[in-house]
1. Looking for whichever is open to solvent by less than 20 Å² (accessible area, probe 1.4 Å) and over 17 Å from the mean Cα position of the chain (by Cα) here; the options are ALA172, ALA158, ALA138. Which one fits?
2. Please specify each residue of segment 58-74 satisfying the condition of being open to solvent by 60 Å² or more (accessible area, probe 1.4 Å) and modelled with pLDDT of 70 or more.
3. Do we have any residue at all in segment 176-191 that's part of a helix (DSSP H, G or I), of a type in the set (D, E, K, R), buried (at least 19 other Cβ atoms within 10 Å of the Cβ) and over 23 Å from the mean Cα position of the chain (by Cα)?
4. Residues that are within 16 Å of ALA172 (Cβ to Cβ), at least 2 per element: which helices (runs of 4 or more DSSP H) completely within segment 18-105 meet that?
5. Kindly list the number of the only condition in (1) open to solvent by less than 60 Å² (accessible area, probe 1.4 Å); (2) in contact (Cβ under 8 Å) with a residue 12 or more places away in the chain; (3) out of contact with any Gly (no Cβ under 8 Å at 6 or more places or on another chain) that fails for SER165.
Amino acid sequence: MSQSVPAEKKSQGLLPNLLFNIAIPVIILSKFSTEAYLGPVWGLVVALCFPVGYGLWELKQSGKINFFSVVGLISVLLTGGMSLLQLDPKYIAIKEAAVPGIIGLLVWFSQHSKFHLIKAMLENAQLLNMEKLQAALAKTNNTEVFEQKMNVTNQLLAGSFFVSSLLNYLLAKWILVSPPGTTAYNEELGRMTALSYPVIALPSMVLMMAALWYLFSQIGKLTGEDVEKFLQ
């Protein structure tokens, strides 16, 4: 009798992420943070429980620590902690800008270290057969040129985080104007969360896709072969 091979654990998909990280918190912050329901403090606590709980559950399900998931979880906890401490909203704006800004710097400087982010992403995601690609690059004497193209891609990826940092700051400064600990502040936090996806995540995602498209287009030029040949 043959044993069944357990399926590889993977991310749970876009819909649950949108539901637990955006939709439910926005509804709670916008509709249930009045004194008639949860109140501003408990409304904030309950709203934060969903992204934090989902983040911890996803980390457990995946069976491994994902850097970006951990950063997102820390960001949510910082927002909640600063809000519960009723710090000036300007500190929330600084935090919103600092998180992607720091990631951008790490990405930028990774090209000068052993942990080259683009190379690590391609290997971990198993998008490309790197062994076959390196062999093809060696035949055309373009191995060093490809390394330079990866550095350019790395810089483009870092740029997407810098854009996200600026948009995060501007969005927070524009929306968060009420003092923390009030229903108005919770409603503004909910509005900021709702707008973060179309205003920040989508442009950043487009820039990331453009960076990867650039790299893939260079593979064809440097090897003289179709990119599909090197896809896993």
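1. Working: ALA158 fails: over 17 Å from the mean Cα position of the chain (by Cα); ALA138 fails: open to solvent by less than 20 Å² (accessible area, probe 1.4 Å).
Exactly one residue qualifies, and that residue is ALA172.
2. LYS60, GLN61, ILE74 - these are the residues of segment 58-74 that are open to solvent by 60 Å² or more (accessible area, probe 1.4 Å) and modelled with pLDDT of 70 or more.
3. Taking segment 176-191 first, the residues part of a helix (DSSP H, G or I) are 183-191.
If we keep only those that are of a type in the set (D, E, K, R) as well, we get 187-188, 191.
Retained after the next criterion (residues that are buried (at least 19 other Cβ atoms within 10 Å of the Cβ)): 187-188.
Right, trim to over 23 Å from the mean Cα position of the chain (by Cα) and you get 187.
Within segment 176-191 (the criterion being part of a helix (DSSP H, G or I), of a type in the set (D, E, K, R), buried (at least 19 other Cβ atoms within 10 Å of the Cβ) and over 23 Å from the mean Cα position of the chain (by Cα)), the answer is yes, since at least one residue qualifies.
4. Details: elements: 24-31, 39-62, 67-84.
Ranges flagged: 24-31, 67-84.
5. In the conditions (1) open to solvent by less than 60 Å² (accessible area, probe 1.4 Å); (2) in contact (Cβ under 8 Å) with a residue 12 or more places away in the chain; (3) out of contact with any Gly (no Cβ under 8 Å at 6 or more places or on another chain), SER165 misses (3) alone.
Okay, residues lined up against (1) modelled with pLDDT under 85; (2) among the β-branched types (Val, Ile, Thr); (3) touching an Asp or Glu at 6+ places or on another chain (Cβ under 7 Å):
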position: LEU157; (1), (2), (3): no, no, no
position: SER160; (1), (2), (3): no, no, no
position: VAL163; (1), (2), (3): no, yes, no
position: PRO179; (1), (2), (3): no, no, no
position: THR182; (1), (2), (3): no, yes, no
position: LEU195; (1), (2), (3): no, no, no
position: ILE200; (1), (2), (3): yes, yes, no
position: PRO203; (1), (2), (3): yes, no, no
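The values are calculated or read from the model by the stated rules, or taken from the named source; none is laboratory data. Given the structure is predicted, the values throughout are model-derived calculations rather than measurements. Don't worry about glycine lacking a Cβ; one is built from the backbone with ideal geometry, like all the others, and counts go over all protein chains shown. With ligands, DNA and RNA removed, areas are computed over all heavy atoms of the protein, side chains included. Shrake-Rupley method; radii C 1.70, N 1.55, O 1.52, S 1.80 Å.
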